[in-house]
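A quick write-up on the structure given underneath.
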């Protein structure tokens, strides 16, 4: 194996390192051989394409947030080819387990997934703002006036 291969070997991690270590001795004579062997081995692990009907299995899990569901939905539907936009929109609307968001999305059905994601993000921001306001008002209801000098000393 050429010297550059030995140096290159030290930069590899994970599956690439295992693959490289298992190459037969003197099987690589140059960069072209290395590239061809690498592609031949790793190209068989192409991203698989799911059947569009599988889109109906994507649902928000009980313990997951809406943001986590959005990310999973994007990732899962990225593997699904041939699903019309209206099917994706419908599945997202029915996959969310937040009744308020579902109601809002059904009041005015959007025409693209991009619009759906923007509306969902706006809903999340509204919920966070409302939660923050509730927490602030709850804190303020039970708070006693604090002297500024005492407050600074504690910080």
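The values are calculated or read from the model by the stated rules, or taken from the named source; none is laboratory data. These figures come from a predicted structure and were not determined experimentally. Cβ coordinates were reconstructed from backbone atoms using ideal geometry, including for glycine residues, and neighbour counts include every protein chain displayed.
Return yes when residue 47 is part of a loop (DSSP other than H, G, I, E, B) and at pLDDT 90 or above and no when it is not. So residue 47 fails the test. Screening residue 5 on (1) closer than 20 Å to residue 90 by Cβ; (2) at pLDDT below 80; (3) surrounded by 12 or more Cβ atoms within 10 Å (Cβ to Cβ) shows it passes everything except condition (1). Output yes when any residue across the stretch 68-77 is assigned to a loop (DSSP other than H, G, I, E, B) and either in the same structural domain as residue 127 (by TED's automatic domain parsing) or modelled with pLDDT of 80 or more (or both), and no when none is. No, the stretch 68-77 has no match at all.
Taking the stretch 97-155 as the region of interest, the helices (runs of 4 or more DSSP H) fully inside it that hold 3 or more residues being modelled with pLDDT of 50 or more are 99-107, 113-142. Against the test of being without any contact (Cβ under 8 Å) to a residue 12 or more places away in the chain and in contact with a helix residue (DSSP H, G or I) (Cβ under 7 Å, 6 or more places away or on another chain), the options 77, 102 yield a single qualifying residue, 102. Remark: pairs (first residue in the stretch 18-37, closer than 17 Å to residue 7 by Cβ; second residue part of a loop (DSSP other than H, G, I, E, B) and at pLDDT 80 or above; Cβ separation under 6 Å; 6+ apart in sequence or on different chains) = 20/12.
The condition of being modelled with pLDDT of 75 or more, more than 30 Å from residue 125 (Cα to Cα), outside any helix (DSSP H, G or I) and not assigned by TED's automatic domain parsing to the domain that holds residue 112 holds for only one of 29, 33, that being 29.
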